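What follows is calculated from the coordinates using simple rules that are stated; it is not laboratory data. Every value quoted in this text rests on a predicted model; they were computed, and no experiment measured them. Cβ coordinates were reconstructed from backbone atoms using ideal geometry, including for glycine residues, and neighbour counts include every protein chain displayed.
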Amino acid sequence: MGEGMKRRRVTYCCAALAATVALCAVAATSRAELPPGTYEKLKKDASEVLTVRILRMETPEGRVGHFRVLFTARVLGVTRSKSGVKRGQRLRIASYHVTEEARKAGFVGPRIPPLLPVGWTGKVYLNQKQDRKVFDLAAYGESFEETNENKSKK
């Protein structure tokens, strides 16, 4: 093998190694995401589409990593309800959140739901849990849609 051939081979191997390292770095910092159209389908299939006001948010002390959140909300409007939810009713919504540290450490998953402040008003897409006392998010972090009322407060 000639000297020129060896140089090209070394150059090629170095370029391939650099590309592999760059690809691994990008993959390590990226989040997993659901395929296109998934959130829209989950919203369309949600058993409950409601307009609510958040009355209370319960989280564990410390809030480390991936943690559960429980919202208490008042129903202001009903677009669709397979379970018979009525305007004025109070309900509980099970959610979760992931800290910034956990995201930086490589958390992988669908869009993360926001921590909604007390008084937040908007549309929610939910599914009723089997115990019928608590509702789950139908579309992960896309289950909450702000109203213009919230946007004008920012």
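Our coupling estimate for region 62-75, obtained by passing each phi through the Karplus curve with A = 6.51, B = -1.76, C = 1.60 and θ = phi - 60°, is x, 6, 10, x, 9, 9, 7, 10, 10, 9, 10, 9, 9, 7 Hz, Gly and Pro reported as x.
Counting charges near residue 70 (Lys, Arg +1; Asp, Glu -1) among other residues having Cβ under 10 Å from its Cβ returns a value of +2. Spin-label pair residue 145-residue 76: with each label point 7 Å from Cα along the Cα-Cβ axis, the two points sit 1.4 nm from one another.
At each listed q (0.20 Å⁻¹), what is the log10 of I(q)/I(0) that the Debye formula gives for region 38-153 modelled as equal alpha-carbon point scatterers? Each listed q maps to, in turn, -1.12.
Extension gain, residue 94-residue 34: 0.36 nm per intervening residue step, less the Cα-Cα distance, totals 19.6 nm. Taking the fewest neighbouring Cβ atoms within 10 Å as the starting point, the ordered list for 58, 48 is 58, 48.
Give me the net charge for the shell around residue 92: Cβ to Cβ below 13 angstrom, other residues only, Lys and Arg +1, Asp and Glu -1. Once positives and negatives cancel, what remains is +3. Backbone phi angles across region 132-137, fed through the Karplus curve with coefficients 6.51, -1.76 and 1.60 (θ = phi - 60°), yield HN-Hα couplings of 6, 9, 10, 9, 9, 5 Hz in residue order; Gly and Pro are listed as x. All other residues whose Cβ lies under 13 angstrom from that of residue 55 are scored, Lys and Arg at +1 and Asp and Glu at -1, for a net of +4. Between residue 104 and residue 67, residue separation times 0.36 nm minus the direct Cα-Cα distance comes to 11.8 nm. Amide H contacts of residue 34: 111, each under 5 Å away and 5 or more positions distant or on a separate chain (H built 1.01 Å from N in the peptide plane; Pro and chain starts excluded). Give 43/104; 41/104; 104/129; 44/133; 41/129 a once-over and call out the pairs whose C-alpha atoms are over 24 Å from each other. Pairs exceeding 24 Å: 43/104; 41/104; 104/129.
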